[in-house]
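The structure appears below as structure tokens.
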Amino acid sequence: PEVEAFEQEVAAYCGAKYAIGVSSGTDALLIALMAAGIGKGDEVITTPYSFIATATSISRVGAIPVFIDIDPKTYTIDPKAIADEITDATKAIMPVHLFGQCAEMKPILDLAKQRNMLVMEDAAQAIGAGQNGVKAGTMGAFGCFSFFPSKNLGGFGDGGLVTTNDDAFAQRVKELRQHGGKDKYRNVMIGINGRLDALQAAVLRVKLKHLDAWSAARREHAEYYTQALQAVKGVQTPITAPGNTHIYNQYVLRVERRDELQAHLNAHQIGNAIYYPIPIHLQECYDILGYQETDFPAAEQAAAETIALPVYPELTRAQQDYVIETIQAFSRS
Ligand SMILES: *Cc1c(COP(=O)(O)O)cnc(C)c1O
């Protein structure tokens, strides 16, 4: 009952017809791809600048991730580059709403419609984010969410969820998360053990009530950082595209001397992280695809220049001032 109640609450929150709890964000992607019937020989267009699970879920169903470079301003997939990569094998586009802001969806949705492809949104970092009044995860055929503790809505362990407005897809997702079972011991598809634990659902139901307030606090912190840091030499503050409501799962600076800044922040005991130091096309596990350095210059440059600052809701002004002063001092050094 906790899982069902949570699913109804998230469906209402996102404005999706169905929300189906699953075991993680990775399994949300995997199950959505399985439900879409994507598999061997198929291609899925996605971004090389994301968490590895975006691409590996595509590979896990036997399909091939085809990478497209990012927009260097928003770090999300560059829609202008997609059309050139579509082949007869392309079945879907998987944009990632990275750091908590939506990829530019209109051209992606238009192209998908024209070319008969599905759009599968990796909304793992973007629960509650919006674009022109529509919530992340409800624009494509599927929205895939994660409740890993580092996300804006985090459980006490792993958890995930798939949204869809399609009756048949919803039915398949429900079956696939439960070993492809129609009922307990009658299996119509080859599924996985992909359920959301009731314990996690119970925790997430409590936290969901606070989600908007927490994301608003993150947004305030982000504005405060940006006010103070936009004038700092060698530092580029985050850019929100018009129409987007950013939920700042991460507040990410672009800094030429990034590695030096990271050492400086570490020396001053300021938490920070690099999302992501190696773009996916250059990961060893994807040697097999034959990509090379310089294939996606914007993604590669982002991997070399970005760094995330603390932006969690409970952060205090005094803590933010300390972060800001430490970065200002660095820029003068
Ligand atoms: C976190 C994340 C995932 C995977 O979610 P898990 O719950 O950790 O399996 C997938 N894609 C992106 C973009 C993520 O940030």
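Some points to look at:
- Pairs, first of a type in the set (D, E, K, R) in segment 157-169, second surrounded by 17 or more Cβ atoms within 10 Å (Cβ to Cβ), C-beta under 6 Å, six or more apart: Asp158/Ser24
- Those residues of segment 283-298 which are without any contact (Cβ under 8 Å) to a residue 40 or more places away in the chain and under 22 Å from the mean Cα position of the chain (by Cα), in sequence order: Glu284
- A search for C-beta distances below 8 Å between a residue of segment 86-115 that is farther than 24 Å from Thr245 by Cβ and any residue that is β-branched (Val, Ile, Thr) and away from the ligand (no atom under 16 Å from the Cβ), counting only pairs 6+ apart in sequence or on different chains, returns Ala89/Ile64; Thr90/Val66; Lys91/Ile38; Ala92/Ile38; Arg115/Ile86; Arg115/Thr90.
- Answer residue from segment 83-98, given it is under 24 Å from Ile31 (Cβ atoms) and surrounded by fewer than 24 Cβ atoms within 10 Å (Cβ to Cβ) and is farthest from the chain's Cα centre (by Cα) among those: Ala89
- Selection status of Ala329, aliphatic (A, V, I, L, M), surrounded by fewer than 16 Cβ atoms within 10 Å (Cβ to Cβ) and in a helix (DSSP H, G or I): yes
- Total residues in segment 281-309, condition outside any helix (DSSP H, G or I) and touching a Phe, Trp or Tyr at 6+ places or on another chain (Cβ under 8 Å): 6
- Residue ranges of helices (runs of 4 or more DSSP H) in segment 1-62 with at least 1 members within 11 Å of the ligand (Cβ to nearest atom): 25-35, 53-60
- Cβ pairs under 7 Å, 6+ apart, first in segment 299-325 and within 16 Å of Trp214 (Cα to Cα), second basic (Lys, Arg): Val311/Arg218; Pro313/Arg218
- Flag for Ala112 being at pLDDT 95 or above, within 16 Å of the ligand (Cβ to nearest atom) and under 20 Å from the mean Cα position of the chain (by Cα): no
- Residue among Met94, Met105, Met139 that alone is within 11 Å of the ligand (Cβ to nearest atom) and on the phi < 0 side of the Ramachandran plot: Met94
- Within segment 49-71, the set of residues being within 19 Å of Asn249 (Cβ to Cβ) and not small (Gly, Ala, Ser) comprises Tyr49, Phe51, Ile52, Thr54, Ile70, Asp71.
- Filter result (among the β-branched types (Val, Ile, Thr) and at pLDDT 95 or above) within segment 145-189: Val162, Thr163, Thr164, Val173
- Condition met for Gly140 (small (Gly, Ala, Ser) and more than 20 Å from Thr47 (Cβ to Cβ)): no
The values are calculated or read from the model by the stated rules, or taken from the named source; none is laboratory data. Note that the structure is predicted; figures quoted are calculated from it, not measured. Ideal geometry is used to build each Cβ from the backbone, glycine not excepted, and the neighbour counts take in all protein chains shown.
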